[in-house]
2 protein chains.
Amino acid sequence: MTAAEPLIAGVELGGTKCIAVTARGREIASRAQWPTGDDPAATLATLADWLTAAHTAEPFAALGIASFGPLCLDPASADYGRIVNTPKPGWSGADVLGVLAGDLDVPVAIDTDVAGAALAEGRWGASQGCPVHVYLTIGTGIGGGIVVDGKPLHGTFHPEMGHVRVRRAAGDAFTGVCPIHGDCLEGLAAGPAIAARAGQPAEALGSDDPVWALVAGEVADCLASLILTLAPHRIVIGGGVGQGQPALLPLIHQAAARLLGGYLPGHSLAALKRVIVQPGLGGDAGVCGALALALTALER
Amino acid sequence: MTAAEPLIAGVELGGTKCIAVTARGREIASRAQWPTGDDPAATLATLADWLTAAHTAEPFAALGIASFGPLCLDPASADYGRIVNTPKPGWSGADVLGVLAGDLDVPVAIDTDVAGAALAEGRWGASQGCPVHVYLTIGTGIGGGIVVDGKPLHGTFHPEMGHVRVRRAAGDAFTGVCPIHGDCLEGLAAGPAIAARAGQPAEALGSDDPVWALVAGEVADCLASLILTLAPHRIVIGGGVGQGQPALLPLIHQAAARLLGGYLPGHSLAALKRVIVQPGLGGDAGVCGALALALTALER
């Protein structure tokens, strides 16, 4: 936040818009934004040109890229830093890392937008001081980022928590909207699923709409499994749906407590209210995520 | 494995028996075994006396303790190294770490039996070279250990994967045997649940018994969620039930592939057969786990 901090750069590559910034810490020095087009070569070239110009004007010390996915994040793979198998037209195979970082001789870190958001919440937001923490976005889609000891957790692939299957409420016959799984979490509880259930968009639904209890139950089913597996110190619920309806988070707390059944020490309803929380950062979660990734690259 | 390796000590504290060893690597130098009684003070004192005598005879460089749980593993807690809230009579609150390590001036590591087994599989067995790997035991109970970059993963608590809720096969009305959750994974698919379903013990059931498809489906439901969350490089299935019925693992592979629906790159049926595997170590998984923990303490 001070002039003594090094200048860094970040790119948030989202499904509809992309943003490039330079910053010190998360204090933005310069910023540009474009729509994410159907031609990845053109979109990425625009971003790369902006980065090159910014770097020429005042060199930055590291670059962070927070991108929509799925992404190949295995450094040993020939596809490292590329988009894989996305339904977004034209983007499957797009070489995000290669084009954006190719000409820059600085440390670069690339990860999913949600891993970036998780890192940012850990550095500046609601997950500060937490050794194990998660960021779950519930919006047009559902995705999660997991951070362990300051590092995004990946096995052979990054988390795809939106596609976890969840248990259904008794009698709920909604078939779900995920083209692959039908009733995975994203297919049941993301924005398009809520709209399909309710016949109107999530943001038009009142806090007493019965859809929220279903959504909360499904999200909580996923979170209860996550808690029994990782017991994160913090789980931040972001995204347009996650943050749009104030009634949702308390319903998630109640459903998670009911599912855990008091079994796990330290996970009473009161404790769950401290574990499962709203983001500490505002609307710039994506950009902050890219900057947090840049700082990770710098510190590596 | 060579005489040049330092002498280390390990304690496997199981629900029915406990074993203490000294070893170089995992080559046992001395070994003793006792039943785990209902009086933790007496059982732990016997173990502590053996350790003290062994250390006096030939000093060991580190101690690893692989214990049944639940265990408090938060070093900042006053309960660190104690058993918490166990249904095992008398053992709630037992100070495993304090009694066993109290008089020894050596590095000590304590973790769950399954975290130890996971570490051992990573060091010597089926998970060698894997950055993210899991050990899931299916026996009298179900439990999991997760290792990330050579370190057992804990958030505010160690994994309790046996209590994850899973989706049921259509029409399956078995209510489950877990006293807390009913139909969590352990309540549906561990040995006592299989016996309750089938009317006879798991080891008496033929490979074509229809119970195996149900068990495989429930285990696979948990593993599919785990894969979509952590994408482990390896998942080792151990335990009396997990290793007792050769037909089970192929059924788990098929069910997991069906549940993942081809969505996740690198998780075809053929790939899942390489990811979800039998243990590489034999019957001494518990002792190997304690020794792997001792080596972790030594290397820290």
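Database remark: amide H of residue A:125 closer than 5 angstrom to no amide H (H placed geometrically; neighbours at sequence offset of 5 or more, or on other chains; Pro and chain starts carry no H).
Just rank A:263, B:135, A:80, fewest to most, by other beta-carbon atoms within 10 angstrom.
Exposure proxy ranking, most exposed first: A:80, A:263, B:135.
The slack between residue B:80 and residue B:56, meaning 0.36 nm per residue of separation minus the straight C-alpha distance, is 6.0 nm. Between the listed residues A:182, A:249, A:84, the Cα displaced farthest toward the positive end of the dipole of chain A, a dipole computed from Cβ unit charges relative to the Cα centre, is found at A:249.
Taking the label point 7 Å along Cα→Cβ, residue A:17 and its counterparts in the other copies are spaced 6.6 nm apart, in ascending order. Averaging Cα coordinates gives a centre for region A:70-105 and one for region B:12-73; these two points are 50 Å apart. Within the listed set A:286, A:155, A:90, the residue fluctuating most in the Gaussian network model of chain A (springs between alpha-carbon atoms under 10 angstrom) is A:155.
Set the Cα radius of gyration of chain A against 2.2 N^0.38 Å, with N its number of residues, and you get 1.00. Calculate how steeply helix A:40-57 sits against the longest principal axis of the alpha-carbon atoms of chain A, using the helix alpha-carbon long axis, and give the answer as 0 to 90 degrees to the nearest 10. The answer is roughly 60 degrees. What translational diffusion coefficient, in µm²/s and rounded to a whole number, does the Stokes-Einstein relation yield for region B:158-300 at 10 °C and a viscosity of 1.306 mPa s, taking the hydrodynamic radius as the Kirkwood radius over Cα pairs? Diffusion coefficient, whole number: 98 µm²/s. Fully extending the segment from residue B:38 to residue B:200, taken as 0.36 nm per residue of separation minus the present Cα-Cα distance, adds 55.5 nm. Taking the fewest neighbouring Cβ atoms within 10 Å as the starting point, the ordered list for B:96, A:219 is B:96, A:219. Local charge for residue B:80 was computed over the other residues whose Cβ lies under 14 Å away, with Lys and Arg +1 and Asp and Glu -1, and equals -3.
Across region A:176-199, the residues whose backbone nitrogen lies under 20 Å from the label position 7 Å along the beta-carbon direction of residue B:170 are A:176-185, A:187-188. Helix A:248-260 and the long axis of chain A differ in direction by around 60°, with both axes built from C-alpha atoms. As I understand it, the value is the acute angle between the Cα axis of helix B:113-124 and the longest principal axis of the Cα atoms of chain B; what does it come to in degrees, rounded to 10? The angle comes out at about 90 degrees. Ignoring lysines fewer than eight residues from residue A:88 along the same chain, the ones with Cα atoms less than 29 angstrom from its Cα are A:17, A:151. By the Kirkwood approach, averaging reciprocal distances over each pair of separate Cα atoms, region B:106-186 gets a hydrodynamic radius of 14.1 Å. Fully extending the segment from residue B:300 to residue B:27, taken as 0.36 nm per residue of separation minus the present Cα-Cα distance, adds 96.2 nm. The label-point distance for residue A:105 and residue A:17, in a model that sets each label 7 Å from Cα toward Cβ, rounds to 3.5 nm. Given the C-alpha centroids of region A:229-296 and region A:171-205, what is the distance between them in whole angstrom? Each part reduced to its Cα centre gives a spacing of 21 Å. Every Cα-Cα pair in region A:62-114 was counted, and those over 13 Å apart are 55% of them.
List residues of region A:16-34, by number, whose backbone nitrogen lies under 19 Å from a label position 7 Å along Cα→C-beta of residue A:49. So the set is A:17-22, A:31-34. Label point of residue B:258 (7 Å along Cα→beta-carbon): distances to the other copies' equivalent points are 2.9 nm, sorted ascending.
Treating each Cα of region A:3-142 as an identical point scatterer and summing with the Debye formula, the log10 of I(q)/I(0) at q = 0.11, 0.14 Å⁻¹ comes to -0.40, -0.66. Using the alpha-carbon positions of the protein assembly as shown, Rg (one decimal) and Dmax (whole number) come out as 24.9, 76 Å.
Any read-out appearing in this document is the output of simple, stated calculations on the displayed coordinates, not a laboratory observation. Being a predicted model, the structure only gives us computed values, none of them experimental. Neighbour counts run over all protein chains shown; Cβ positions are idealised from the backbone, glycine included.
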